[in-house]
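Q: So that we are looking at the same thing, I have put the structure below in structure tokens.
The values are calculated or read from the model by the stated rules, or taken from the named source; none is laboratory data. As the structure is a prediction and not an experimental result, all values here were calculated from the model. Cβ: placed from backbone, ideal geometry, glycine included. Neighbour counts: every protein chain shown. Side chains are part of the model used for accessible areas, which takes the heavy atoms of the whole protein and leaves out ligands, DNA and RNA. Shrake-Rupley method; radii C 1.70, N 1.55, O 1.52, S 1.80 Å.
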Amino acid sequence: MKLRKIIFGILYIYVFSQALAQNKYTISGNIKDKRNGEDLIGATVVVVGTSIATSTNAYGFYSMSLPEGKYKIAFQYVGYKTIIQDVDLVANQKIEIEIAEEKIELKEVEITAERPDQNVRSNQMSVNKLGIKEISRIPALFGEVDVIRSIQLLPGVSSVGEGASGFNVRGGSIDQNLILLDEAPVYNSSHLFGFFSVFNPDAVKDVKLYKGGIPAQYGGRLSSLLDVRLKEGNNKRLAVQGGIGTIFSRLTIEAPIKKDKGSFIIAGRRSYIDALIAPALAGNPDLKGLRLYFYDLTLKANYNLGKNDKVFLSGYLGKDEFGQASFGFNWGNQTLSARWNHVFSDKLFFNLTGFYSRYNYGLGAETNSSGDGFKWESSIQNYSIKPEFTWYLNPNNTISFGAQSIFYDFFPGEITIKVAGDESKNRLSSKYGLENAVYVANEQKITARLTATYGLRFSNFNYIDSSRQDYDQSKVELNQKKRPISTAVWNSPQFLNKYWNPEPRLALKYELNEKSSIKTSYMRTVQYLHLISNTAASVPLDVWTPATNNIKPQTADQVALGYFRNFGEDNDYEASVEGYYKSMRNQLDFVDNADLLLNPNLEGELLNGKGRAYGLEFYVKKNKGPFTGWISYTLARTERQVNGLSENNWYPNRFDRTHTLSIVANYDVQNKFLFFNDRWRFAANVFYGSGTPVNLPTNGYAYGQYFIPHSPNNIRNNLRIPDFFRFDISATLKNKKRPEPENGELPKNIIKRLKYTYEWELVMGIYNTFNMRNAFSLVARQNPAVADNDAEVFQANEVNSGYKSSGINNVYQKFSVISFFVPSVTYNFKF
């Protein structure tokens, strides 16, 4: 009822304001790619000779209100021809625009996904946008383009090491990132333990990462928003692209459902590591039936129902398998989202989204030929509906408002055990949650130089369960397991706990001049989910749980301040420096020797604390010319304080990385050099990161040949692994330039069309070129020199970097995921 009143109130204001604005008219419409009909996100509409401008939303829609009169309107998108159109504005007009890619000289190559002055003019800060063209130029493991690995080269983004699932943003854990694929959340973004992401690059259209200043329409996570948008499919003609790589291949098909009305895209990938190494393992009975692969399928369709209505349907299905005949585990994501766009008027745009998302994971083993063993399964799934309105009130105000409701189903797990033909099951009861939110926000141009975006999100969470446990709170601040003191059970799920939280958002931008600006932002975020993990890095089998009567919602406040500057006549260079401070509450840690798997008293093993993260981010990027790329450096700390741990002092988080440096360089050959010509492109990455913390014993005892580790002071994350360094290179050879059709029209015959449309490239790369053995973690080992002593105390000094041992009695052994250089060759094609 309250939501209905709010929506009708805003609509009333809208109608009333329309009546007052009698001398102003609106131009609106969509901007599309002329080649394939794709909506262009972030295309700009500028009134020539003024500072009045707007940009298209995530669906390519724009709206601009102006006084009656004659104007020259410029429609622009980076890398595309600018269209200037004369408009005699005496009534509202709908102008649909299709822009063609610009045939530019090589020396003017642009790779940025944004307009040249976006760095300074945009009101957003702590936001990075990467286009697929930009991502595809970055050298990658096995030559495979990867979204998640690419964003880890941006300032403020890191991971705990090679092969770690997920990523960390400004001191947040991996579960604090809201990862959306066409609006549907993805709970595990990794294939093969973090080596690849779940996003097929051939199907991805746009990638945007918010590290701060997250818009009010998004919530549910503390640290960041990764918004991944899929291509809509070519609505002009059949198009095919794909690639054959070192360890997997991919194929994408897109075509019109009805030309210029609707289209679809379907993209699939499958790895074949298991097939490649099977011959080498044929004589090893322990690896019989090896399973080591992943696959995924991405689909999307859209259709124009009329001039004011468009519908979309997107889906994703992916799975990983790892194991052999007697042991293994698997995990996978499934998402489905349906959206309806409706244009109520030239000023009011509406989008309705409904989605389903599921993440499931399992573990199993057979101990003998008779089939004895166990099988464990767990999952999280949710359903949501989200109506959103965008009201283009006038050139100085754009108001967005809407709501969202999400229902969660948490299945902690079920284990099936089979012994001597007898089967038994142990199942933890499901938990449920209902999250609701309403929001309103306004982007307001206060003066010619000052712009503000302000809004409020108000969220509510209901914890639903058929049982309730309360724990002995006398040990809440001790590093000891808490025992349940009362238990209540019902026949059906009950609403047990409710949480209400306001989430204000504010962003300010002041333009010092055409080349520079200062920006600041504040946001409060709330997260009603927790990822339960006590491993060095998250693994696919970690457990998701909601906020309950014992586990409080996570909350955070972040402030940021930055200076943004462009250089060059055409904004060829952009630079920024940002500082941030984030305070987090209700952060979970664990008692020593916590048991997290299928534990009905899991909440008694958890400790509640607080966190803080602060840092400086430096970023310089070159957008144009034969030489492009960027340099990013982050100086940061992220810490926790949990009563009962580390003598109640602040201690570094597992993903605390003080120094992070990334250099990304691309060079398009112009003039012939040796045997290289303008068909060649070269790229290189340099990545350096200081060591992350690790929890290791500082003392130990040797009894005969056994080593018993011991940490007398209970200090968490007391040591650091060695610093990380990696250098990657790649070279790309492209096909010769294709001729243009004589009459400008492609032949209808597909075979004849290949003469003009078939393009290929051969990508050759070396990952970890210098053969660095970067440590993922350290393992304490007994020194063989004293192994025969009946009792020896092992002392350890702090490990800061490099391989160190303490005196003669203790040694730390490095564990590396990739300890050698990895060459690759990939053949990509499209037509």
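Q: For labels at residue 48 and residue 779 in the simple 7 Å Cα→Cβ model, what's the distance in nm?
A: Distance between label points: 6.9 nm.
Q: Per DSSP H run of n ≥ 4, the term is -39500 (n - 2.57); total these for the chain, divide by its residue number, and report the mean residue ellipticity at 222 nm rounded to 500 deg cm²/dmol.
A: Estimated from H runs of four or more residues: -1500 deg cm²/dmol.
Q: Here is a follow-up. Answer rounded, prolate or oblate for the stretch 350-423, using the Cα gyration tensor with square roots of eigenvalues a ≥ b ≥ c: rounded when a/c is under 1.5, else prolate when a/b is larger than b/c, else oblate.
A: It is prolate, given that a/c is not under 1.5 and a/b is the larger ratio.
Q: Find the relative contact order for the chain and round it to a whole percent, using C-alpha pairs within less than 8 Å whose residues are 6+ positions apart. Don't skip to the end; give the middle numbers.
A: Working: 2288 pairs, mean separation 83.3, N = 831.
Once divided by the residue count of the chain, the mean separation gives 10 percent.
Q: Could you give the Stokes-Einstein D for the stretch 302-368 in µm² per second, using the C-alpha Kirkwood radius, 4 °C, 1.567 mPa s? Before the final figure, lay out the partial values.
A: Numbers: Rh = 15.1 Å.
In µm²/s, the coefficient is 86.
Q: For the stretch 62-216, state the average projected area of the convex hull of the C-alpha atoms over all orientations, rounded to one decimal in nm².
A: Taking the Cα atoms of the stretch 62-216, their convex hull projects to 12.3 nm² on average.
Q: Evaluate the distance, in nm, between pseudo-label points positioned 7 Å from the Cα of residue 326 and of residue 752 along their respective Cα→Cβ axes.
A: With each label point 7 Å from Cα toward Cβ, the separation is 6.4 nm.
Q: For helix 2-20, report the angle its Cα long axis makes with the longest principal axis of the Cα atoms of the chain; keep it between 0 and 90° and round to the nearest 10°.
A: 20
Q: In nm, what is the difference between 0.36 nm times the number of residues separating residue 561 and residue 736 and their Cα-Cα distance?
A: Net length gain for the segment: 58.3 nm.
Q: So, one more: Hey, can you rank 244-256, 749-761 by average C-beta count inside 10 Å, highest first?
A: In descending order of packing, they fall as 244-256, 749-761.
Q: So, in Å, what gap is there between the alpha-carbon centers of the stretch 657-681 and the stretch 170-186?
A: Cα centroid to Cα centroid, the span is 31 Å.
Q: Which FRET efficiency value, to the nearest 0.05, is calculated for residue 72 and residue 133 with the Förster distance at 35 angstrom and r the Cβ-Cβ distance?
A: Using R0 = 35 Å, I get an efficiency of 0.75.
Q: Where q = 0.13, 0.21, 0.22 Å⁻¹, what log10 of I(q)/I(0) comes from the Debye formula for the stretch 248-366, counting one point per Cα?
A: The computed values of log10 I(q)/I(0) come out as -0.69, -1.15, -1.19.
Q: Along the charge dipole of the stretch 370-512, which of 455, 382, 499 sits closest to the positive end, that is, farthest toward it, with unit charges on the beta carbon of Lys, Arg, Asp and Glu (+1, +1, -1, -1)?
A: 455
Q: For the chain, just say rounded, prolate or oblate: build the C-alpha gyration tensor, square-root its eigenvalues into a ≥ b ≥ c, call rounded for a/c under 1.5, and beyond that prolate if a/b exceeds b/c, oblate if not.
A: prolate
Q: What number comes out for the charge environment of residue 533, summing +1 per Lys or Arg and -1 per Asp or Glu over other residues with Cβ under 12 Å away?
A: It works out to a net charge of -2.
Q: Another question about this same structure. Using a 1.4 Å probe on the protein heavy atoms, what percent of the accessible area of the stretch 413-493 belongs to carbon and sulfur? Present the calculation step by step, with values, prior to reporting the outcome.
A: Working: 2330 of 4520 Å².
After summing per-atom areas, the C and S share lands at 52 percent.
Q: Quick one: pull the percent of accessible area on the stretch 111-179 belonging to carbon and sulfur, 1.4 Å probe, ligands and nucleic acids left out. Can you show the working numbers first?
A: Working: 620 of 1360 Å².
Carbon with sulfur: 46 percent of the solvent-accessible area.
Q: Which of the peptides 657-668, 59-70 is most tightly packed, and how do the rest follow, going by the mean number of other Cβ atoms within 10 Å of each residue?
A: In decreasing order of mean packing, 657-668, 59-70 become 657-668, 59-70.
Q: Would you please classify the overall shape of the stretch 358-473 from the alpha carbon gyration tensor, given that a ≥ b ≥ c denote the square roots of the eigenvalues, rounded means a/c under 1.5, and beyond that prolate means a/b larger than b/c while oblate covers the rest?
A: Prolate, since a/c reaches 1.5 and a/b exceeds b/c.
Q: Same structure, new question: Quote the FRET efficiency, to the nearest 0.05, computed for residue 303 versus residue 82 with a Förster distance R0 of 25 Å and r equal to the Cβ-Cβ distance.
A: Calculated value: 0.25.
Q: About the Cα centre of the chain, what is the dipole size in debye to 20, counting +1 per Lys and Arg Cβ and -1 per Asp and Glu Cβ, all else neutral?
A: 1760
Q: Let me ask another. Kindly report the accessible area of the chain per residue (heavy atoms of protein chains, probe 1.4 Å, no ligands, DNA or RNA), in Å².
A: Per residue, the chain has 43 Å² of solvent-accessible surface.
Q: Compute the convex hull volume of the Cα atoms of the stretch 178-238, divide it by the residue count, and report the result per residue in Å³ as a whole number.
A: Numbers: hull volume 6.6 nm³, N = 61.
Convex hull volume per residue, Cα atoms: 109 Å³.
Q: Counting Lys +1, Arg +1, Asp -1, Glu -1, what net charge surrounds residue 593 among other residues with beta carbon under 11 Å of its beta carbon? Provide the component values of the computation, followed by the final result.
A: Numbers: positive: 481; negative: 592, 595, 605.
Cβ neighbours under 11 Å give a net charge of -2.
Q: Taking 25 Å as R0, compute the FRET efficiency from the Cβ-Cβ separation of residue 487 and residue 375 and round it to 0.05.
A: Calculated value: 0.35.
Q: Rounded to a whole number, what is D in µm²/s for the stretch 619-658 from Stokes-Einstein with the Kirkwood radius over alpha-carbon pairs (20 °C, 1.002 mPa s)? Before the final figure, lay out each step's value.
A: On the way: Rh = 13.2 Å.
The estimated diffusion coefficient comes to 163 µm²/s.
Q: So for the stretch 411-526, averaging the separation of alpha carbon pairs under 8 Å that are six or more residues apart and normalising by length, what relative contact order in percent results?
A: It rounds to 22 percent for the stretch 411-526.
Q: Let me ask you something else. Ordered by residue, what ³J(HN,Hα) values in Hz, to whole numbers, does the stretch 337-348 give under the Karplus form 6.51 cos²θ - 1.76 cosθ + 1.60, where θ = phi - 60° and Gly and Pro are x?
A: 9, 10, 9, 10, 9, 9, 9, 5, 7, 4, 10, 10
Q: Summing Lys, Arg as +1 and Asp, Glu as -1, what charge do residues with Cβ under 12 Å from the Cβ of residue 222 carry, residue 222 excluded?
A: So the environment of residue 222 carries a net charge of +3.
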